[in-house]
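Shown next, in C-alpha cells, is the structure this report addresses.
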C-alpha cells in the first residue's frame, strides 16, 4: 500500500510539472500583448514596459517556468500584477467558496442520484424506472448555465424564496447557506441524472450475477441483497464521482459568474481575460492538485471497498 | 473504554450526513435591497488599485469620488455637459487662459488623524500625477502654486480649454493626503491611507465593497447612510439581480434596454448617463483594394446604418455622424454622405470595379457580429463580397499597430469603437498624422486637421470650438475612410424612488444618490 502511495504521489508530481509546462507554453500562444490587454488600449509605453517587467514577460519562457516552480516549492506563487497581493492570499480567499459549492453540488447529487439508480434497478421497467430514465436523460441534457438562469428566474425573481446573487453576509452562516442552495442545485442537477443512470446500469449487471441469485435462493431479505449488490455496483461510480469533483472546479465557473459568487473557477476565468499570469498559474496549479487529490482518494476508496483491488496493490 | 470502529456502513452514513449539512436551509431572513438607508449596487469587478496615479479606472474612480476630494465635478446642462465646483472648494475659476485659482472649503478633515485638507495636498497630488501612469492628463499643467493654507493656483503651460472637464472632474483629478500617502510608502492599492468624504471604504475581494459613514465628515450629507456593492462581473447577471430586488441600480446591456423600454419591470426607471462612445467602420486608405477614394465612397453610400441600429442594437443607440458624441461641443446632426445604394453602384462603375472582395474584421461580440452581417448584406447588394473575420480582443486591439507586426498592411475594413471624455479634443487626438500606425489605422494625414487639433485645445470660445470640430469631422468624411455607425449609451435601470447621479462616461457618484 505504501509503495502504491509513493508511486501515485511521484506520478502526481510529474503530472503537475507537465501541466505547468503546458500552461506556460499556451500562455505564449495566446495572441495579443498581455500588457495592452491588462492596462487598456491607451497605456503609455512606460506603463507597458513597467508591467512587462513586473510580470517577467521580458524573460525567456524557460526561465519564467523555472522561477515559478522554484518559488512554488517554497509556497510562493508570486503576486497579483494588479493589486500586488500574494497569489496564495488571493486564492485562499476564494477556495473555501469553491469547495463549498463543489461539495454541496456533488453531495446532493450523490444523495439523490444513487438511491434513484438503485430503485430503478430493483424495479426494472416499472413506472419509477421509466420516470427515473426520463428525468436522468433530461437533467444530463440541460447545461448547468441554463439551469442557473432558470433557477434564478423561478426561485429568486418569481417566487422570491431564495437570494439570486452573492455568497452571503460574511460571518453569517445561515445567510451563506441560503446563498449556496441555488448554485449547488444548478451544478448538481446534471450529476443526479448521470449518477442515477450509472448506478442503475451497474446494479442491473450485478443483480444478475450468480452469487446474487444464490443469496436470494438462501432467502436473504431483498434489502440485504440490494445492499450487497450496491457494494459492488458502486465501484465504477466512485471513480466517476472522483473525476467529477475535479471537473466541477471548472464546471462551477458558469454558476460562479451567473450567481456572482467568488470562486477559484471564476478567478481563473478572469485571470485569462485580464492576462493576469501569476493568478492564472496559481489557480491552475490548485485545480490540478485538487483533481489529482480527489482521483487518488477515489482510488483508495475503491481499494477499501474492494478486497480484490486492495490485495493487488 | 469504548472504541469506535469505522466500518464501510458507518463511513457511508457519515458521508451522507456531512453532505446533508450542506443543504440545511439558511435563515429565511434574506437580505433585500432598500432596507433602511442602505443603497445596494453592482460592482463589475474587484477594485484593484485605488491610487489615482496607478488605477485601472472604472469603479476605482467611483470609489475615489466617494472618499477623496475633487475640485470640480460634471453637471448636465440640458443636453450638454459642463462642470461646477465641488463642495470641497469655495472658489474655482479661470483668471486667464493659463491660470485657475482655487480656494478650499475650511475644516474638512482627513481620516486617521491626518488633519485638515490643505492646498499643499492639491499641489502634492497633481505633481505626483505628472509622474504617474496617468500623466497624460496633466501634460498641460505646468505647476501648482500654493498661495495660502487653503488657496492656490493651477498654472497651465499653454491655454488648454478642456483642462477642468477632462482632468479635474475625472478620476485623475482626485486629491490625496500628502502625509498619509508618504506614510504608506508613496503608493497604495486596495485601501485608502486617508479619506476625506462622506464614506469610508472596505472591501472583501471577490464579494463586495462597502462604503460606511465617515464620522469625521463635515461636508454635505449623502442620500444613503451606507452603500453596499456586490461584485457581479456579468451585466446580464446584474440585470437578474436587479429584477430579484437585490441591487437598486444596474447598468443595462442593449438587449435588456430594449426590453425595459418596451416593458419595464415594476418600480423601475431608466436613466441615460451619456453616449460617450463612438463606433465606426474604418477603411485602410493605403490598401490596394481601397486606395481609390471612389471605392471608399461607394462603401460609405452602401451601408444602411439605420438598419444596423435597428437590427443589432434594437434601436437603443443613436446614429453617429462623426467622432464627437452627443452633448459635446462640435456634435453634428448629420454626416456629409447618406445611404444611397444607387450612388454606390455608380461610383464602383466609375472606378472600374466589378468584383471586389474585402475582409471585415470585428471583435467577436454579439452586437458587432450582427452589425457586421448587416454590412455584409448591404455591400453584397452593390456587388461587394465581404468576408467577416471575428476576433478576440487581444489580436483585435493591436492589428493596426505597426509595432505589433505586419497585420496593419492586410487591414481592409474593420468595426471599431472608442470611448471618450466629455470634451471633443480627446476624440480627435487619435487621428492626427503622428497617430498613423498607432491608432489612426485608416492611415491618412491632413495638415489642416493637425493644425485644427492644436487650435481646438487652445480655443476657449465654445462657438469657435464647435466650428473647429465640425470642420475636423468634415475632413474625416472627405477621406472616405469612415462609415459612422452609432453612439452606444451608458444606461442604468434603478428603482423609481431613487434618483441617481452618473458621470457622462458612466461612473456612478453614490454620494449624490437620493431617495425621492
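Can you give me the P(r) profile for region B:69-187? Cα pairs, bins 5 angstrom wide beginning at 0, each as a whole percent.
P(r) over region B:69-187, rounded to whole percents: 2, 12, 21, 26, 20, 12, 5, 2, 0.
Modelled label-to-label distance, residue B:353 and residue A:10, 7 Å Cα→beta-carbon offset: nm?
Output for this residue pair reads 6.7 nm.
With runs of 4+ DSSP H residues as the only contributors, calculate the mean residue ellipticity of chain B at 222 nm using -39,500 (n - 2.57) per run, divided by the residue total and rounded to the nearest 500.
Details: 15 runs with 146 residues, N = 516.
My calculation for chain B gives -8000 deg cm²/dmol from helical runs alone.
Roughly how crowded by other chains is peptide B:237-245, in terms of the mean Cβ count from those chains within 10 Å of each of its Cβ atoms? Intermediate results must be reported in sequence, preceding the final value.
Values: counts 9, 2, 0, 11, 9, 3, 6, 11, 5.
For peptide B:237-245, the averaged partner shielding equals 6.
Sort region B:277-487 into rounded, prolate or oblate with this rule: let a ≥ b ≥ c be the square roots of the eigenvalues of the Cα gyration tensor; rounded if a/c is under 1.5, and if a/c is not under 1.5, prolate when a/b is larger than b/c, oblate otherwise. The partial results should precede the final answer.
Details: a/c = 1.44, a/b = 1.37, b/c = 1.05.
Verdict is rounded for region B:277-487.
Across all directions of projection, what mean area in square nanometres is found for the Cα convex hull of the protein assembly as shown? It would help to have the intermediate numbers written out before the result.
Numbers: hull surface 172.6 nm².
Mean projected area for the protein assembly as shown: 43.2 nm², to one decimal.
Assign one of three labels to region A:260-313, namely rounded, prolate or oblate, based on the Cα gyration tensor with a ≥ b ≥ c the square roots of its eigenvalues; rounded applies when a/c is under 1.5, prolate when it is not and a/b is larger than b/c, and oblate otherwise. Walk me through the numbers before you get to the answer.
Working: a/c = 6.77, a/b = 3.27, b/c = 2.07.
Prolate is the answer for region A:260-313, as a/c is 1.5 or above and a/b outweighs b/c.
Sorted from fewest to most neighbouring beta carbons within 10 Å, what does the list B:426, A:256, B:467, B:342 look like?
Numbers: B:426 20, A:256 27, B:467 16, B:342 10.
Going from sparsest to densest Cβ surroundings: B:342, B:467, B:426, A:256.
Over all residues in A:106-116, what is the mean tally of Cβ atoms on other chains that come within 10 Å of each residue's Cβ? Walk me through the numbers on the way to the answer.
On the way: counts 2, 8, 4, 1, 3, 6, 0, 0, 2, 0, 0.
If you average over the peptide's residues, the count of other-chain Cβ atoms is 2.
List B:129, A:99, A:26 from most exposed to least, where exposure is judged by having the fewest other Cβ atoms within 10 Å. Don't skip to the end; give the middle numbers.
On the way: B:129 23, A:99 15, A:26 11.
Ascending Cβ contact count within 10 Å gives the list A:26, A:99, B:129.
Taking each residue in A:255-263, count the Cβ atoms of any other chain within 10 Å of its Cβ, then average. What number comes out?
Working: counts 0, 2, 5, 5, 4, 16, 4, 7, 1.
Per residue, the average neighbour count from other chains is 5.
Could you tell me the center-to-center distance, by alpha carbons, between region A:286-300 and region B:112-182 in angstrom?
After rounding, the separation between the Cα centres reads 54 Å.
What Kirkwood hydrodynamic radius, in Å, does chain B give when the mean of 1/r is taken over all pairs of distinct Cα atoms and then inverted?
On the way: mean 1/r = 0.0391 Å⁻¹.
About 25.6 Å, per the Kirkwood formula over Cα pairs.
What distance in nm lies between label points placed 7 Å from Cα along the C-beta direction at residue A:22 and residue B:467?
A separation of 6.7 nm, rounded to one decimal place.
Looking at region B:277-487, what % of its DSSP beta bridges pair antiparallel, to the nearest 5?
Details: 13 of 24 bridges.
Percentage antiparallel, nearest 5: 55.
Under 10 Å, Cα contacts only: if you run a Gaussian network model on chain A, which one of A:297, A:146, A:220 comes out with the highest mean-square fluctuation?
A:220
Cα convex hull of region A:94-312: how many Å³ per residue? Each step should come with its number before you reach the end.
Details: hull volume 32.4 nm³, N = 219.
For region A:94-312, the hull spanned by Cα atoms encloses 148 Å³ per residue.
Kindly express, to the nearest 10 degrees and within the range 0 to 90, the angle between helix A:264-274's C-alpha long axis and the longest C-alpha principal axis of chain A.
So the inclination is approximately 30 degrees.
Once the convex hull of the C-alpha atoms of region B:232-307 is built, how many Å³ does it hold per residue, rounded to a whole number?
Working: hull volume 10.6 nm³, N = 76.
About 140 Å³ per residue, rounded to a whole number.
Fewest Cβ neighbours within 10 Å first, please rank B:248, B:79, B:121 accordingly.
Working: B:248 23, B:79 8, B:121 27.
By the 10 Å Cβ count, ascending, the order reads B:79, B:248, B:121.
Just how far, in whole angstrom, is region B:190-236 from region B:252-281 if you go by their alpha carbon centroids?
Cα centroid to Cα centroid, the span is 26 Å.
Give the separation of the Cα centroids, region A:124-199 to region B:456-480, in Å.
When both Cα centres are located, 58 Å separates them.
On C-alpha positions alone, give me the angle between the axis of helix A:2-29 and the longest principal axis of chain A, in degrees, nearest 10.
50 degrees
Considering only DSSP beta bridges where both residues belong to chain B, give the percentage that are antiparallel (nearest 5). Could the numbers behind the result be given before it?
Details: 58 of 76 bridges.
About 75 percent, rounded to the nearest 5.
How much FRET efficiency would the formula 1/(1 + (r/R0)^6) give for residue B:235 and residue A:235, where r is the Cβ-Cβ distance and R0 is 56 Å, rounded to 0.05?
Values: r = 46 Å, r/R0 = 0.82.
Efficiency at R0 = 56 Å is approximately 0.75.
Taking Cα atoms, how many degrees apart are the long axis of helix A:87-122 and the longest axis of chain A, rounded to 10 and kept between 0 and 90?
20 degrees
Evaluate the relative contact order of chain B (contact order divided by residue number), counting alpha-carbon pairs under 8 angstrom at least 6 apart; express in whole percent. All intermediate terms of the calculation are to be shown ahead of the outcome.
Working: 1037 pairs, mean separation 95.3, N = 516.
Across chain B, relative contact order equals 18 percent.
Using the per-residue mean of other Cβ atoms lying within 10 Å as a proxy for protection, in what order, highest first, do the peptides A:57-64, A:199-206 fall?
Top to bottom by mean Cβ count within 10 Å: A:199-206, A:57-64.
Readers should treat all values here as calculations from the given coordinates under stated rules, not as data from a laboratory. All values reported here derive from a predicted model rather than from experimental measurement. Neighbour counts are summed over all protein chains in view; Cβ atoms, including those assigned to glycine, are modelled from backbone coordinates with ideal geometry.
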